[in-house]
Amino acid sequence: MKANKIGDIDHEDSFGHNPKNKQGYGRLGVPTPSQYGKSLPKTVTKPVVIYAVVNDDFSKIKIKPLSFRIYSHNVKNGGHDILVPGEEVWGDRYRKITNSIRFNARSNTIVTLQEVYKFQILDIMDELNRFSSKDAPEWAYYAKGRIDGEDTGEFVPILYRPSEWEAVFEDTIWLNDKNERMSLEGWDAKYLRILTFATFKHKQTGNYINVFNTHLDHVGEMARAGSAEVIVQKIQEINKWPSFLCGDLNNEPKGEPYNILTKHLINSAKHTTPFNHFGHVKSTVTGFEGEVLSAGGQNIDYIFAPSYTKKVTHNVNCADTDKYSKDPADKLLLRLDQFGMLHSKYNGVYMSDHRPLVADFSLSGKC
């Protein structure tokens, strides 16, 4: 396996065998020679999905107050046979990951994960739903594989509680410069890359939010920039309710993809004050032996929010608000209440080579 300049690793250079794991799912979703022989799967085309029709005329909507949390974590691909130094097998890691999700999930939490195969998300969901009824599981998810648009290849799943949120729209597209409905690498990307996104209606308040999740290519510089442009386009198309982008950009806050995105979004980690930033400040990536930290650290994982998001210290001046405006920046008060870069190492062992991120938001009418 080869590491790139920012520490990401080529996990899919060759197909692995498919042994059973402890949970009995085998390695569902991991491409194998028995599936595809020596060549990659054929290009697939998925049908166009129409956006959900939602009311986003904010001049006629009374916004009810809503507080919610977004938790995002690159949990590290578990589909390879050769572990890097310090890495535990998936069967020993996944409960630490799910325990972190469960402990940090409060009311109205949305979870986004990266580098997840089908068998991994099934393990995660089994554990999160351990104490709920099979007929009414506490947690649900949406995800599609980046190889075939169904079950094969890495997912970037979005998890939520159906008791709190209704998913009124879900879609996954390929990030490329040819056709987003086709499984094609884009620009100079090494691998297929996808964007998974959903529109959620909060059941109690009737408010909507859009959540986008991605993992950009670790090799192609043009691909990362091009993907960022596609993501911005999708955010602008979907509806006027707040959109949040989570994921691993494989790019620090100085590269072109970051600059493209922050023309339209804010980086939650940089929108904090001394009063509402918890945990680590530097390095969303650690490595499994802390080797990335020793080398100076890397911030490549993000939770982005709309550009009109206010800091927790912001005071609203209603005199400056146009009460007839339909612009969400004029009608919505969206605050970043707090942000945290959490621990990923407990009892001397890392649960992933990335740290989880958490951002708390509150949404209400402006005046």
Quick one: in segment 48-74, of everything that is touching a Phe, Trp or Tyr at 6+ places or on another chain (Cβ under 8 Å) and hydrophobic (A, V, I, L, M, F, W, C), which residue is farthest from TYR350 (Cα to Cα)? VAL54
Could you list, in sequence order, the residues of segment 102-112 that are in contact with a strand residue (DSSP E or B) (Cβ under 6 Å, 6 or more places away or on another chain) and of a type in the set (A, V, I, L, M, F, W, C)? ILE110, VAL111
Total residues in segment 242-285, condition in a loop (DSSP other than H, G, I, E, B), among the charged types (D, E, K, R) and in contact with a strand residue (DSSP E or B) (Cβ under 8 Å, 6 or more places away or on another chain): 1
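Scan SER325, SER307, SER283 and give me the residue that is more than 19 Å from TYR71 (Cα to Cα) and touching a Leu at 6+ places or on another chain (Cβ under 8 Å). It would help to see each step written out before you state the result.
Details: SER325 fails: touching a Leu at 6+ places or on another chain (Cβ under 8 Å); SER283 fails: more than 19 Å from TYR71 (Cα to Cα).
None of the others qualify; the one that does is SER307.
Yes/no per residue for (1) part of a strand (DSSP E or B); (2) of a type in the set (Asp, Glu):
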{"position": "GLY296", "(1), (2)": "no, no"}
{"position": "THR313", "(1), (2)": "no, no"}
{"position": "ASP322", "(1), (2)": "no, yes"}
{"position": "GLN338", "(1), (2)": "yes, no"}
{"position": "VAL358", "(1), (2)": "yes, no"}
{"position": "PHE361", "(1), (2)": "yes, no"}
Taking helices (runs of 4 or more DSSP H) that fall entirely within segment 33-142, which contain at least 3 residues that are among the hydroxyl-bearing types (Ser, Thr, Tyr)? 90-104
Within the set of pairs 6 or more residues apart or between chains, which connect a residue that is among the acidic types (Asp, Glu) inside segment 283-301 to a residue that is surrounded by fewer than 21 Cβ atoms within 10 Å (Cβ to Cβ) with Cβ atoms less than 6 Å apart? GLU289/PRO85; GLU289/GLY86
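Could you tell me whether any residue of segment 83-98 is within 17 Å of the chain's Cα centre (by Cα), over 25 Å from GLY365 (Cα atoms) and crowded, with 16+ Cβ neighbours inside 10 Å?
Looking only at segment 83-98, we keep the residues that are within 17 Å of the chain's Cα centre (by Cα), and these are 97-98.
Then drop every residue that is not over 25 Å from GLY365 (Cα atoms), which leaves 97-98.
Still in the list and also crowded, with 16+ Cβ neighbours inside 10 Å: 97-98.
For segment 83-98, residues within 17 Å of the chain's Cα centre (by Cα), over 25 Å from GLY365 (Cα atoms) and crowded, with 16+ Cβ neighbours inside 10 Å: present.
Take segment 153-200 and flag every residue that is basic (Lys, Arg), closer than 20 Å to ILE303 by Cα and surrounded by fewer than 23 Cβ atoms within 10 Å (Cβ to Cβ). Walk me through how you get there before you give the answer.
The first filter runs over segment 153-200 and keeps only residues basic (Lys, Arg), leaving 161, 178, 181, 190, 193.
Of the ones still in play, those that are also closer than 20 Å to ILE303 by Cα are 161, 193.
Across segment 153-200, the qualifying residue is only ARG161.
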Are there any pairs, at least 6 apart or on different chains, whose C-beta atoms fall under 9 Å, with the first in segment 249-264 and under 11 Å from GLN298 (Cα atoms) and the second among the basic types (Lys, Arg) and surrounded by 17 or more Cβ atoms within 10 Å (Cβ to Cβ), and if so, which? ASN250/ARG224; ASN251/ARG224
Looking only at residues in segment 233-260 that are under 15 Å from the mean Cα position of the chain (by Cα) and hydrophobic (A, V, I, L, M, F, W, C), which one is farthest from ARG335 (Cα to Cα)? LEU249
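Only one residue in PHE68, PHE58 is aromatic (Phe, Trp, Tyr) and at pLDDT 95 or above, so which one is that?
Values: PHE58 fails: at pLDDT 95 or above.
Answer to the selection: PHE68.
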Just checking, which of TYR25, TYR51, TYR36 is among the aromatic types (Phe, Trp, Tyr), surrounded by 11 or more Cβ atoms within 10 Å (Cβ to Cβ) and at pLDDT 90 or above? TYR51
Which of (1) more than 29 Å from GLU252 (Cβ to Cβ); (2) of a type outside the set (Ser, Thr, Tyr); (3) in contact with a Gly (Cβ under 9 Å, 6 or more places away or on another chain) does LYS345 not meet, given it meets every other one? (1)
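The values are calculated or read from the model by the stated rules, or taken from the named source; none is laboratory data. Everything numeric in this text was worked out from a predicted model, so none of it was measured. So basically every Cβ, Gly included, is an ideal-geometry build from the backbone, and we count neighbours across all protein chains shown.
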